[in-house]
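Undergrad: Sharing a structure here in structure tokens format.
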Amino acid sequence: MSSPTSDTIEFACSACQKSLRVPRSAAGKKAKCPDCGSVQVIPDDNSANGAAEEPKFPAPAASHVSASPPPPTQVGAFRSTIEGHHAEEGSDTRTRQLFKKITQEISKIYVGQDELVLGTLTALFSSGHVLIESAPGLGKTLFVRTLGRVLGCQFGRVQFTADLMPSDITGAPIFDMKTNEFRFRPGPIFTQLLLADEINRSPAKTHAALLEIMQEFRVTIDGTSHKIERPFLVLATQNPIESEGTYNLPEAQLDRFMFKLNLNYPALEEEAEILRMHSRQVDINRRLEEELEVVTSPQEILEITQLNSNVIVDDKLIDYINKIVRLTREWPQFHMGASTRAGITLMQGARTLAAFSGRNYAVPDDVVQIAIPTLRHRVILSAEAEVEGHDVDDLLTELIRTVEVPRL
């Protein structure tokens, strides 16, 4: 693709086909596409043409069920757009219809950030929780409020600070002067969609208070258990820029988050649309009430979640998931690999993505699409890898490519 006399190599990104140009001295090294974020090896002059068109994964063979699986997905964090999921082949099932309605309603208020929307919905219909890492001001609170309105669920928000105590979020017994008895006063955790803003600013004892709630969906105060109304989804955020006055989340709690989503700034067109839509000084509460329609209910969400458990996962796909998770424990750049819960998360998420696409069976693409959001917070880099500046997502992408994709 580059001429013999040129001092540069020009090749196409294997994921988005964008034309890339690098110095000839970079041949054989890894490069990251500025558009789609795909990491690939820079081809030399002789292999530039072939390398640009080589797929990342072999296409899975036709499944034993009637519908044919979609084309392979790029390794990455929910790379497929919401529109892409609408267009995938599959039956017009109850789950797919609901998924379309929800995303269409959300788009009336919340623009872009498909990774956040798709990741959150996948976690919600898989009974999971989401950890979001992003710069401030990208509309996370607006998204959760919009989602709560569309789903017909209660919404709560807690701003985590250094002096936040466990009882501030769980609630505590208070003395009732009228009855001369103690009664339990529920905290803000008693909701259905909870935005835990800047969760890493609170101390470890407050983090620990969330463990039982996220896993068992209940709060125990003075020996009495209080159930959390379901569906229950925690969206915890942390700011990757500021580290002063923050506390790292313990590994036990990180493992309880189904996905870790890294949000970037919106695209040019999306940001322009945001400016047009949200710069008119219109009360957002009124807009949520007037412009959005409630398309489902907590009871229907629980029913759909139960239906999704019937999606077929082939034994070969289970082995594929198992190999990926176990390989993280042997990868030389990882000090600690993923737990068994990571494999369960991949199974549940793949089932939900398949249901969103109108399929009653999961395919390798479903696993590949959620692999990095599932694993990036469950592995720990070795000291050598940190010193060398390795990126967790790049290493996981490399790891996933070494596992043979099953033909179903």
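Undergrad: Just to check your reading of the model, which residue among Leu131, Leu121, Leu138, Leu194 is part of a strand (DSSP E or B) and in contact (Cβ under 8 Å) with a residue 60 or more places away in the chain?
TA: Leu131
Undergrad: Residues of region 111-125 being polar (S, T, N, Q) and either within 24 Å of Ser279 (Cβ to Cβ) or surrounded by fewer than 24 Cβ atoms within 10 Å (Cβ to Cβ) (or both), which ones?
TA: Residue satisfying the conditions is Gln113 alone.
Here's the yes/no breakdown for (1) among the aromatic types (Phe, Trp, Tyr); (2) under 26 Å from the mean Cα position of the chain (by Cα); (3) under 30 Å from Glu303 (Cβ atoms); (4) open to solvent by 30 Å² or more (accessible area, probe 1.4 Å):
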site	(1), (2), (3), (4)
Asp176	no, no, no, yes
Ile199	no, yes, no, no
His207	no, yes, no, no
Thr220	no, no, yes, yes
Ser225	no, no, yes, yes
Lys260	no, yes, yes, yes
Ala267	no, yes, no, yes
Arg276	no, no, no, yes
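Undergrad: If I ask for residues that are closer than 22 Å to Val294 by Cβ, in contact with a Lys or Arg (Cβ under 7 Å, 6 or more places away or on another chain) and part of a strand (DSSP E or B), which ones from region 141-191 would you list?
TA: Phe155
Undergrad: Which fully enclosed helices (runs of 4 or more DSSP H) of region 315-408 have 2 or more residues being polar (S, T, N, Q) and either in contact (Cβ under 8 Å) with a residue 12 or more places away in the chain or surrounded by fewer than 21 Cβ atoms within 10 Å (Cβ to Cβ) (or both)?
TA: 315-328, 340-356, 364-375
Undergrad: Among (1) touching a residue at least 24 places away in the same chain (Cβ under 8 Å); (2) open to solvent by less than 100 Å² (accessible area, probe 1.4 Å); (3) within 23 Å of Lys100 (Cα to Cα), which single condition is Glu293 missing?
TA: Unmet condition: (2).
Undergrad: For region 274-284, give me each residue that is touching a helix residue (DSSP H, G or I) at 6+ places or on another chain (Cβ under 9 Å) and in a helix (DSSP H, G or I).
TA: If the condition is that a residue be touching a helix residue (DSSP H, G or I) at 6+ places or on another chain (Cβ under 9 Å) and in a helix (DSSP H, G or I), then Ile284 is the only one that fits.
The values are calculated or read from the model by the stated rules, or taken from the named source; none is laboratory data. Every value quoted in this text rests on a predicted model; they were computed, and no experiment measured them. Positions of Cβ are generated from backbone atoms using ideal geometry, with glycine treated the same way; all protein chains shown enter the neighbour counts. What goes into the accessible areas is simple: the full protein's heavy atoms, side chains included, and nothing from ligands, DNA or RNA. Shrake-Rupley method; radii C 1.70, N 1.55, O 1.52, S 1.80 Å.
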